[in-house]
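The values are calculated or read from the model by the stated rules, or taken from the named source; none is laboratory data. On a predicted model such as this, the values are computed, not experimentally measured, just so you know. All Cβ positions, glycine included, derive from the backbone under ideal geometry; neighbour counts span all protein chains shown.
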Amino acid sequence: MREAHDLQVSSILRSDPIRWHLLGLVADLGLPDCWIAAGFVRNAVWDALHNRQPRPPLGDVDVIWFDPDRIEEWHDHRIEETLRVAAPSIDWSVKNQARMHTRNGDSPYQSATDAMRYWPETATVVAARRIGRDQLEIASPLGLDDLFNLVLRPTPRFIAEKLIIYERRVSSKAWMTEWPLLAGTKPLDR
């Protein structure tokens, strides 16, 4: 099932000219372990599952990368500025995951995809990156079942001590209104 879901995500992103272009812009930066993640991919899949045509990304576009030698925040700001020049209508958010563990109160992350395991909801733990002209790689360290089954649930890190953060996010994002087929929040079965 994992490979089938990866192919579905790839097909959805390839058929969306805006997202495909933005993936190319980020790939052209040549940053190590670099992806566009979270709502950029999640929302495109949810739109497709709601039989909607591709539309511009809602909110910010999260670019994650991993380089322990460039953890100063100014590196992220410089990358955001480069992306703003290339695509000024996009609200870019760039974060080097090599430093984000300190903000989040976690142990140090080992890679960008390792950092994703500590995000609030399972359906958001997904990223994509272009490789070369035509290749697309999907990262989903917690799998894609919840994303494709339209299920909202907290990741293991947010079940207990951070549950209130998860609940506030679900409430403030109004996902159930935007995508009415979502199954609502469910406890993690793992």
Does ASP67 satisfy the criteria of being charged (D, E, K, R), in a loop (DSSP other than H, G, I, E, B), farther than 20 Å from SER140 by Cβ and in contact with a strand residue (DSSP E or B) (Cβ under 8 Å, 6 or more places away or on another chain)? yes
Picking from LEU147, LEU182, which residue would you name as being buried (at least 19 other Cβ atoms within 10 Å of the Cβ), outside any loop (DSSP other than H, G, I, E, B) and in contact with a helix residue (DSSP H, G or I) (Cβ under 7 Å, 6 or more places away or on another chain)? LEU147
Search result, residues across segment 75-100 that are in a helix (DSSP H, G or I), closer than 15 Å to ILE64 by Cβ and among the charged types (D, E, K, R): ASP76, GLU80, ARG99
When you scan segment 152-159, do you find a residue that is over 18 Å from the mean Cα position of the chain (by Cα), touching a residue at least 12 places away in the same chain (Cβ under 8 Å) and not in a helix (DSSP H, G or I), even just one? yes
Against the condition small (Gly, Ala, Ser), under 13 Å from the mean Cα position of the chain (by Cα) and modelled with pLDDT under 95, how does GLY59 come out, does it pass? yes
Scanning segment 123-144 residue by residue, those assigned to a strand (DSSP E or B) and either under 14 Å from GLN8 (Cβ atoms) or out of contact with any Lys or Arg (no Cβ under 6 Å at 6 or more places or on another chain) (or both) turn out to be ALA127, ALA128, ARG129, ARG130, ILE131, GLN135, LEU136, ILE138, ALA139
I need a count of the residues in segment 28-56 that are more than 17 Å from ASP145 (Cα to Cα) and within 11 Å of the chain's Cα centre (by Cα). 3
For ASP47, the lone unmet condition from (1) out of contact with any strand residue (DSSP E or B) (no Cβ under 6 Å at 6 or more places or on another chain); (2) surrounded by fewer than 18 Cβ atoms within 10 Å (Cβ to Cβ) is (2)
Given (1) modelled with pLDDT under 95; (2) touching a Leu at 6+ places or on another chain (Cβ under 9 Å); (3) over 18 Å from LEU49 (Cα atoms), number of the condition ARG117 does not satisfy: (1)
Let me confirm something: among TRP46, TRP65, which residue is of a type in the set (A, V, I, L, M, F, W, C) and farther than 14 Å from VAL94 by Cβ? TRP46
Residues of segment 60-96 being in contact (Cβ under 8 Å) with a residue 60 or more places away in the chain and farther than 15 Å from ALA27 by Cα, in sequence order, are ILE90
Please verify whether segment 101-122 includes one or more residues that are assigned to a helix (DSSP H, G or I), touching a residue at least 60 places away in the same chain (Cβ under 8 Å) and in contact with an Asp or Glu (Cβ under 7 Å, 6 or more places away or on another chain). yes
